[in-house]
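In what follows, a single structure is set out as structure tokens and then discussed.
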Amino acid sequence: MTKTKQKLKWNLVDNAIDFVRAAVETFFHHPVPRPERNPGYSLVDQSPETPPNDRAYKYAILHLHAGILLLLKARLFSTHESLIFATVDNPRTKQGEMRTVGLTQALARLELWAKVDIEKSDRDQVVALQRLRNQIEHYEVHLQPEEAQAVITQNVEFVYRFLRDHLSINLQDQVSARAWLMVEKLRGVEEQRREEWKAMRAAFVESYKSLSASEIVEIGENPDSRPDASRDYWNCTWCGNEESLVFWKRAWVCTDPNCRQVLDGMHCPDCRDFVPDLGDTLCIDCEEEAQDDEVDDTFVDLWNDESRLENGGGQ
């Protein structure tokens, strides 16, 4: 007698958490070459201390993005089932397939219809994760391990808080003890990274504000004293001075000695120009609304680049 196989079934939340679990486990317990067995890859039980390899970053990003998108859909579903469909009044395509919302649409509907307030920094990190996922799935991939790990850690932290705050689920109760240790490790890495960035930024702001008035004026008047940016001069929204805002070393700074405001930057999602964070800024080149990018990561990268050059390092 042939047994009827039971159908595989996961609801939205279970499916999402399973992807997140797979992302964390892949990142720490990743496939490694085993040439003595075959020329490909074999899964082995790696220690969490083993550095991730290229495939670990790749599949952690893919799994994590899938999990987060499903979590957003799950929260929309809890408000009303129709909200997860791209076209609410006609959810099926001409081929009869169900077409659900993408990331941008899901985030917009969560705010508008589900009254879920997602912090801007969290939205930025989810968008950054999708950017990496799109590169992996659609283009050649050139990932900086530090950037990839930062995006992974920040989004794992977002998953933990989103489950807790908007779905009343404790991630620790949904994964094995071993997987939870990995989640805690990633959360710890992210917390340390944030604290280091805050300290570096505070030191930079203090150093800029302590410059003499003549030094600050020189920064504004002499382009050779600062690296090129997407645009040389911007109007400062803090003091109202025209073309007093320039990019210098690690941030956008106002070169009016009476203002000395320090602003972070953001990238246009279309042309990738780097502009000061002035709120609802339109990119000068492509007139697309700019979005906050990984501001702290940009700041840290600039800090590291400058430190390397100051210490005699190469490009």
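Bear in mind that the values in this text are calculations on the coordinates, not laboratory data. Here the structure is a predicted model, which is why all the values come from computation and not from measurement. Here the Cβ is made from the backbone with ideal geometry for all residues, glycine too, and neighbour counts use every protein chain on show.
Within region 117-137, restricting attention to residues that are of a type in the set (Lys, Arg) and more than 9 Å from residue 65 (Cβ to Cβ), the residue that is surrounded by the fewest Cβ atoms within 10 Å (Cβ to Cβ) is 120. Pull up region 109-155, narrow it to residues that are in contact with a Ser or Thr (Cβ under 9 Å, 6 or more places away or on another chain) and of a type in the set (Lys, Arg), then point me to the one that is farthest from residue 188 (Cα to Cα). Filtering first and then ranking leaves 109. In the set 157, 137, 191, only one residue is of a type outside the set (Val, Ile, Thr) and touching a helix residue (DSSP H, G or I) at 6+ places or on another chain (Cβ under 6 Å); that residue is 157.
Quick grid of which residues meet (1) without any contact (Cβ under 8 Å) to a residue 40 or more places away in the chain; (2) more than 23 Å from residue 124 (Cβ to Cβ); (3) of a type in the set (Phe, Trp, Tyr):
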{"position": "155", "(1), (2), (3)": "no, no, no"}
{"position": "162", "(1), (2), (3)": "no, no, yes"}
{"position": "165", "(1), (2), (3)": "yes, no, no"}
{"position": "194", "(1), (2), (3)": "no, no, no"}
{"position": "204", "(1), (2), (3)": "no, no, yes"}
{"position": "209", "(1), (2), (3)": "no, yes, no"}
{"position": "224", "(1), (2), (3)": "yes, yes, no"}
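The single condition among (1) in a helix (DSSP H, G or I); (2) more than 30 Å from residue 157 (Cβ to Cβ); (3) hydroxyl-bearing (Ser, Thr, Tyr) that residue 207 does not satisfy is (2). Taking residue 202, is it within 25 Å of the chain's Cα centre (by Cα), more than 30 Å from residue 61 (Cα to Cα) and aliphatic (A, V, I, L, M)? Yes, satisfied.
Which one of these is buried (at least 18 other Cβ atoms within 10 Å of the Cβ), β-branched (Val, Ile, Thr) and touching a residue at least 60 places away in the same chain (Cβ under 8 Å): 141, 151? Give the derivation first.
Details: 141 fails: buried (at least 18 other Cβ atoms within 10 Å of the Cβ).
None of the others qualify; the one that does is 151.
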